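In what follows, a structure is listed as structure tokens, so that the remarks can point back to it.
The values are calculated or read from the model by the stated rules, or taken from the named source; none is laboratory data. All values derive from a computational prediction rather than experimental measurement. With ideal geometry, Cβ positions are generated from the backbone for all residues, glycine too; neighbour counts draw on all protein chains shown. SASA here: full protein model, heavy atoms, side chains in, ligands and nucleic acids out. Shrake-Rupley method; radii C 1.70, N 1.55, O 1.52, S 1.80 Å.
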Amino acid sequence: MNLLDTFSEFKELKNIDRATLIRILEDAFRAVLVKQYGTDQNFSIIINTDKGDFEILRKRIVVEDDKVEDSNLQIGLSEAKAIDADFELGEEVTDEVKMADFGRRHILGLRQSLSGSIMELERDAIYQLYKDRIGQIVVGEVYQVWKREVLVRDDDGNDLILPKNEQIPSDFFRKGDTLRAVVVRVEVKNNSPLIILSRTSPMFLQRLFESEVPEIYDGLITIHKIVRMPGERAKVAVESYDDRIDPVGACVGMKGSRIHSIVRELHNESIDVINYTTNTQLYIQRALSPAKINSMSINEAEKRAEVYLDAEEVSMAIGKGGSNIKLAIQLVGYDIDVFREQAISEEDVLLDEFEDDIEPWIIDILKSIGCDTAKSVLELGFEELSRRTDLEDETIEDVLNILQAEFEN
């Protein structure tokens, strides 16, 4: 009898080692033997998982025909000689027990027991396999695309989930596409392992750098920190313990060859690679690149920095939608206030002069986007102020009216 033909669900076993499978099968068979014959002590079970077949051999002692008290443990002399004429009293006879001898009820019980045990083992094996792979990149095929998630299957047919919130906004997948993502967590839901993937995690970007930059993989360059706005911009702080290696140059590659492949994988996400340093002022300066800083004031106790730039550098320091300054703040761990550094003309007025008419917190917000004078706010206009700040439209209009009235008067 072919075991894998009889129990069809065993045909695709991938995550269970051979020794464990044999143990489970043997335990299940022995449980049935005990139910059928009252003991399993005189049985040998031989399982060949490669071929999918097995044998159950029973050992019995030869006794006189009228002295057989237990047909499972003893065999009459005449029955033994029918097997082999050379058998004598007291000898041991080994014969095969057929599955048909068990009866339909015991066979069904055996099947259910095996199915339950194998499924539990496979679930445990998949859970342990991917629990050990958290933080690693996996490659799979898109099997199903739903509104809130994508079902991915690895090379062994295991199901992996890429939720919508773990996808880059510009990601678009069709069934059959090849997908790369990092394993971020493994959960158990309804007694089954749930493997969650991510393409937005900083770890995904780190693994991509490790695969493209041999110096990182070999430990010659260390990634100190990664911050991301997935699909838009990322900043990567790197350092080298070998003075002969330029960490930024190694990460970018000749003519950008290394970083370009990473950017393509992330759908043109802009990646700034900077040299990490323990010098806070220099680190902030590098984090705000490409903006050029004129001067800086740092409050170590409050983890706050005031940065002063020329007027034309402010927009670069802040970045599109505030992306540059937001990521710089996350990277260095300091609150950063950007100020426009320019001489105040006699025709202009500092915002601080309007504290009687404008709430101080509103003035602080305007300063944080580089506006410290009335004209600098008016120059930006309503639309730009609305884009750069979280202020209500009505508040912005009131501020503009107050400042405009100052010059009209």
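Helical content of the chain, expressed as a calculated mean residue ellipticity at 222 nm, amounts to -11500 deg cm²/dmol (DSSP H runs of 4 or more residues, -39,500 (n - 2.57) each, divided by residue number, nearest 500). Taking GluC sites (Glu not before Pro) across the stretch 242-304, the ones in a DSSP loop with at most 12 further Cβ atoms lying within 10 angstrom of their Cβ are E300, E302.
Please report, to two decimal places, log10 I(q)/I(0) for the stretch 17-100 at q = 0.11, 0.13, 0.18 Å⁻¹ as given by the Debye formula with identical point scatterers on the Cα atoms and no solvent. Once normalised to I(0) and log-transformed, intensities are -0.36, -0.48, -0.80. Segment S113..E406, full-extension length gain: 96.9 nm, with 0.36 nm per residue of separation and the alpha-carbon distance subtracted.
What the Cβ-Cβ distance of D243 and D177 gives, at R0 = 45 Å and to the nearest 0.05, is a FRET efficiency of 0.55. Using a cut-off of 15 Å between alpha-carbon atoms, which aspartates and glutamates can reach K326, once sequence neighbours fewer than 8 places away in the same chain are excluded? Counting by Cα, and skipping residues close in sequence, K326 has these aspartates and glutamates nearby: E232, D272, E306, D335, D337, D390. Straight-line reach from K255: taking Cα to Cα under 16 Å and skipping same-chain neighbours fewer than 8 places apart, no lysines fall in range. Evaluated with a Cβ-only charge set (Lys, Arg +1; Asp, Glu -1), the stretch 111-220 carries a dipole of roughly 580 debye about its Cα centre, given to the nearest 20.
Relative contact order of the chain: 7 percent, from C-alpha pairs under 8 Å at least 6 residues apart in sequence.
Tell me, what does the Kirkwood hydrodynamic radius of the stretch 155-202 come to in angstroms if you use every pair of distinct C-alpha atoms?
Working: mean 1/r = 0.0846 Å⁻¹.
One decimal place: 11.8 Å for the Kirkwood radius.
Could you pull out the GluC sites (Glu not before Pro) across the stretch 316-409 that fall in loop regions by DSSP (anything but H, G, I, E, B) with no more than 15 other Cβ atoms inside 10 Å? Answer by residue number: E346, E347, E355, E392. The modelled label-to-label distance for the pair D86/D66, using points 7 Å beyond Cα in the direction of Cβ, is 3.0 nm.
Out of all DSSP beta bridges in the stretch 264-409, what portion is antiparallel? Express it as a percent rounded to 5. The partial results should precede the final answer.
Values: 7 of 14 bridges.
Of those bridges, close to 50 percent are antiparallel.
Looking at the chain, the accessible area is 55 square angstrom per residue; that uses a 1.4 Å probe and ignores ligands, DNA and RNA. Note on the chain: with neighbouring protein chains present and a 1.4 Å probe, carbon and sulfur make up 45 percent of its accessible heavy-atom surface.
Every pair of different Cα atoms in the stretch 280-329 enters the Kirkwood calculation, which places the hydrodynamic radius at 10.9 Å. Pick the calculated semi-axes √(5λ) of the Cα gyration tensor in Å for this structure from (i) 57, 32, 18; (ii) 77, 22, 17; (iii) 29, 27, 18? It is the one labelled (ii). Here, P(r) means the percent of Cα pairs in each 10 Å bin from 0 to the largest distance; for the stretch 298-364 it is 18, 40, 36, 6. Note on the chain: with charges restricted to the Cβ of Lys and Arg (+1) and Asp and Glu (-1), its dipole about the Cα centre is near 1840 debye. Full extension of the chain segment joining Q36 with R123 gains 28.3 nm, where the gain is 0.36 nm per residue of separation less the Cα-Cα distance. Farthest towards the positive end of the charge dipole of the chain, among the residues W146, S297, A374, is the Cα of W146, using unit charges on the Cβ of Lys, Arg, Asp and Glu. Which residue, L73, L194, L160, tops the fluctuation ranking in a GNM of the chain built on C-alpha contacts under 10 Å? Judging by the Gaussian network model, the answer is L73.
Since only V332, L33, I61 are under comparison, the one whose Cα sits farthest along the positive direction of the charge dipole of the chain, derived from C-beta charges on Lys, Arg, Asp and Glu, is I61.
Here r is the Cβ-Cβ distance between E141 and R104 and R0 is 30 Å; the resulting FRET efficiency, rounded to 0.05, is 0.15.
Calculate how many DSSP beta bridges within the chain are antiparallel, expressed in % of all such bridges and rounded to the nearest 5. All intermediate terms of the calculation are to be shown ahead of the outcome.
Working: 48 of 65 bridges.
Counting DSSP beta bridges with both partners in the chain, the antiparallel share is about 75 percent.
Starting from the alpha-carbon convex hull of the stretch 278-409, give the projected area averaged over all orientations, in nm². Spell out each step's value before the answer.
Numbers: hull surface 32.7 nm².
The orientation-averaged projected area of the Cα hull of the stretch 278-409 comes to 8.2 nm².
Of all lysines in the structure, those lying under 28 Å Cα to Cα from K59, and not within fewer than 8 positions of it along the same chain, are K35, K51, K67, K81, K98.
So which DSSP H runs in the chain come out at 30 Å plus along the axis (Cα) with average Kyte-Doolittle of at least -0.5?
Details: long enough: 104-131 (40 Å, -0.44).
Correct list, ordered by number: 104-131.
Efficiency by 1/(1 + (r/R0)^6): what FRET value for E392 and S289, r their Cβ-Cβ distance, R0 = 22 Å, to the nearest 0.05? Please list the in-between numbers first.
Details: r = 33 Å, r/R0 = 1.49.
Plugging the Cβ-Cβ distance into 1/(1 + (r/R0)^6) gives 0.10.
Label separation (D27 vs L194): 2.8 nm, computed from points 7 Å beyond Cα along the C-beta direction.
Quick check on the stretch 287-344: of the DSSP beta bridges with both residues there, what percent are antiparallel, nearest 5%?
Values: 6 of 12 bridges.
Roughly 50 percent of the DSSP beta bridges within the stretch 287-344 come out antiparallel.
Report the net charge of residues surrounding A250, where surrounding means a beta-carbon distance below 9 angstrom and charges are Lys +1, Arg +1, Asp -1, Glu -1. Cβ neighbours under 9 Å give a net charge of -1.
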